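Chemist: Structure incoming, see below.
The values are calculated or read from the model by the stated rules, or taken from the named source; none is laboratory data. On a predicted model such as this, the values are computed, not experimentally measured, just so you know. Neighbour counts are summed over all protein chains in view; Cβ atoms, including those assigned to glycine, are modelled from backbone coordinates with ideal geometry. Ligands, DNA and RNA are stripped out before the accessible areas are found, and what is left, the full protein with its side chains, is counted by its heavy atoms. Shrake-Rupley method; radii C 1.70, N 1.55, O 1.52, S 1.80 Å.
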Amino acid sequence: MSPVAVFFYGSYLNRDVLADVELRPERWEPTRLAGYRLEIRPLANLVLDPTALAYGILAEADHAQLERLYTHAREVLGGVYWPHPVLVESLERPGFEPALCYIADALAPGPADPAYVERILGPARSYGFPEPYLAHIASFAPG
């Protein structure tokens, strides 16, 4: 099965989280997505916002791997995410690239677990995402 480009955000920025479902993408490129805002309430999701930027990773996975990953999100985490076509901009080279991005239509609201926020924040720091974006992620940790 041929791989497709996918934009990961939230806890899927963390390679250890993906490895838990046996997904180890070879391609791993920091990118940003215009027109969406990251929310973590209690799971990560993207919300349309024409003034926002969301940062993430452009990776490749085949459809069977993505099905396994998002079945886990639904059955274990309780979030139903659907693929949407997006256009992401690389932080490492000029240009844009089409990708799939999985977004939940609705999630049950609630406070984020601080450990969950840290699983996002740690990798986001290591990829050099901008400080205001890191502060935005950190703002979801209770207390």
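Chemist: If we scan the stretch 58-79, do we find a residue that is assigned to a strand (DSSP E or B) and surrounded by fewer than 16 Cβ atoms within 10 Å (Cβ to Cβ)?
Modeler: There is no residue in the stretch 58-79 that is assigned to a strand (DSSP E or B) and surrounded by fewer than 16 Cβ atoms within 10 Å (Cβ to Cβ).
Chemist: Name, by its number, the condition in (1) open to solvent by less than 10 Å² (accessible area, probe 1.4 Å); (2) in contact (Cβ under 8 Å) with a residue 60 or more places away in the chain that does not hold for Tyr102.
Modeler: Failing condition for Tyr102: (1).
Chemist: For the stretch 96-127, how many residues meet the condition of being at pLDDT below 95, among the small types (Gly, Ala, Ser) and within 22 Å of Ala34 (Cα to Cα)?
Modeler: Matching residues across the stretch 96-127 total 1.
Chemist: Given the conditions (1) modelled with pLDDT of 95 or more; (2) open to solvent by 20 Å² or more (accessible area, probe 1.4 Å); (3) in contact with a Ser or Thr (Cβ under 7 Å, 6 or more places away or on another chain), which single one is not true for Leu53?
Modeler: Among (1) modelled with pLDDT of 95 or more; (2) open to solvent by 20 Å² or more (accessible area, probe 1.4 Å); (3) in contact with a Ser or Thr (Cβ under 7 Å, 6 or more places away or on another chain), Leu53 violates only (3).
Chemist: Just to be sure, is Leu107 in a strand (DSSP E or B), of a type outside the set (Lys, Arg), touching a strand residue (DSSP E or B) at 6+ places or on another chain (Cβ under 7 Å) and open to solvent by 20 Å² or more (accessible area, probe 1.4 Å)?
Modeler: So Leu107 does not fit the description; no.
Chemist: If a residue must be surrounded by fewer than 19 Cβ atoms within 10 Å (Cβ to Cβ) and closer than 15 Å to Gly10 by Cβ, how many such residues does the stretch 127-143 contain?
Modeler: 6
Chemist: Could you please let me know if Ala44 is among the small types (Gly, Ala, Ser) and either surrounded by 22 or more Cβ atoms within 10 Å (Cβ to Cβ) or in contact with a strand residue (DSSP E or B) (Cβ under 8 Å, 6 or more places away or on another chain) (or both)?
Modeler: Taking the combined requirement at face value, the residue satisfies it.
Chemist: So, in the stretch 3-26, how many residues would count as being more than 13 Å from Tyr102 (Cα to Cα), open to solvent by less than 20 Å² (accessible area, probe 1.4 Å) and in contact with a Ser or Thr (Cβ under 7 Å, 6 or more places away or on another chain)?
Modeler: Number of matching residues: 0.
Chemist: Between a first residue in the stretch 123-139 that is touching a residue at least 12 places away in the same chain (Cβ under 8 Å) and a second residue that is open to solvent by less than 50 Å² (accessible area, probe 1.4 Å) and part of a loop (DSSP other than H, G, I, E, B), which pairs have beta carbons less than 7 Å apart while being 6 or more apart in sequence or on different chains?
Modeler: From residues that are touching a residue at least 12 places away in the same chain (Cβ under 8 Å), the pairs are Pro123/Asn14.
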